[in-house]
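The values are calculated or read from the model by the stated rules, or taken from the named source; none is laboratory data. As the structure is a computational prediction, the values presented were derived from the model and not from experiment. Every residue, glycine among them, receives a Cβ derived from its backbone with ideal geometry; neighbour counts consider all protein chains shown.
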Amino acid sequence: MNDVLPSITPEKEVSISFAEDYPSVALTTSTGLVFVKKTDILYCLAENSYTNVYLKGGRKVTVSKHLKKVEQALPSGTFVRIHDSHLINLQHLVRYVNDNHSCVLMSNGEELGVSRNKRKEFLQRFVKI
């Protein structure tokens, strides 16, 4: 029986990788894919098993993925977790406030809390003068 089947040699494994500096990312929604520039993403907020991605211009895209998956798809040098449910784009960070509760002010005026567990790691990313 082995004589009947032609010899099959496994092909080289093909892997597709996208450069971290590729300007856009595909966001998976319930109706398909939405392509946005990474620089247009202000921040992402987890909501159960979905993630709301907030963009420049007041737009919001709900992604049918956990925040962890969204975080893995974005460059770690630019996007940072400040809370279990908050991922921000450092390019849109305006201010860090450390009074009664730690929070950041984003370029759209939104204020997001920084958790105690994430605060130290977050602050170590910056050179302070």
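Of all residues in region 48-65, those satisfying the criterion of being closer than 19 Å to Val80 by Cβ and either at pLDDT 95 or above or assigned to a strand (DSSP E or B) (or both) are Thr51, Asn52, Val53, Tyr54, Leu55, Lys56, Val63. Scanning region 66-116 for residues being of a type in the set (A, V, I, L, M), within 13 Å of the chain's Cα centre (by Cα), under 19 Å from Val25 (Cβ atoms) and part of a strand (DSSP E or B) gives a total of 3. Would it be correct to say that Ser17 is at pLDDT below 95, surrounded by 11 or more Cβ atoms within 10 Å (Cβ to Cβ) and among the polar types (S, T, N, Q)? It is false that Ser17 is at pLDDT below 95, surrounded by 11 or more Cβ atoms within 10 Å (Cβ to Cβ) and among the polar types (S, T, N, Q). Residue count for region 26-47 under the criterion of being outside any strand (DSSP E or B) and either more than 12 Å from Lys65 (Cα to Cα) or at pLDDT 95 or above (or both): the result is 4. Scan region 45-58 and give yes if some residue there is among the charged types (D, E, K, R) and either in contact with an Asp or Glu (Cβ under 9 Å, 6 or more places away or on another chain) or farther than 20 Å from Arg125 by Cβ (or both), otherwise no. The answer is yes, given that some residue of region 45-58 is among the charged types (D, E, K, R) and either in contact with an Asp or Glu (Cβ under 9 Å, 6 or more places away or on another chain) or farther than 20 Å from Arg125 by Cβ (or both).
When Gln72 is tested against (1) of a type outside the set (A, V, I, L, M, F, W, C); (2) at pLDDT 95 or above; (3) closer than 18 Å to Lys118 by Cβ, exactly one condition is not met: (2). Condition test on Phe126, is it out of contact with any Cys (no Cβ under 9 Å at 6 or more places or on another chain), of a type outside the set (A, V, I, L, M), surrounded by fewer than 13 Cβ atoms within 10 Å (Cβ to Cβ) and in a strand (DSSP E or B)? Considered against the rule, which asks whether it is out of contact with any Cys (no Cβ under 9 Å at 6 or more places or on another chain), of a type outside the set (A, V, I, L, M), surrounded by fewer than 13 Cβ atoms within 10 Å (Cβ to Cβ) and in a strand (DSSP E or B), Phe126 comes out as no.
Here's the yes/no breakdown for (1) under 21 Å from Glu47 (Cβ atoms); (2) among the hydrophobic types (A, V, I, L, M, F, W, C); (3) modelled with pLDDT of 90 or more:
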site: His83; (1), (2), (3): yes, no, yes
site: His86; (1), (2), (3): yes, no, yes
site: Gln91; (1), (2), (3): no, no, yes
site: Met106; (1), (2), (3): yes, yes, yes
site: Ser115; (1), (2), (3): yes, no, yes
site: Leu123; (1), (2), (3): no, yes, yes
site: Ile129; (1), (2), (3): no, yes, no
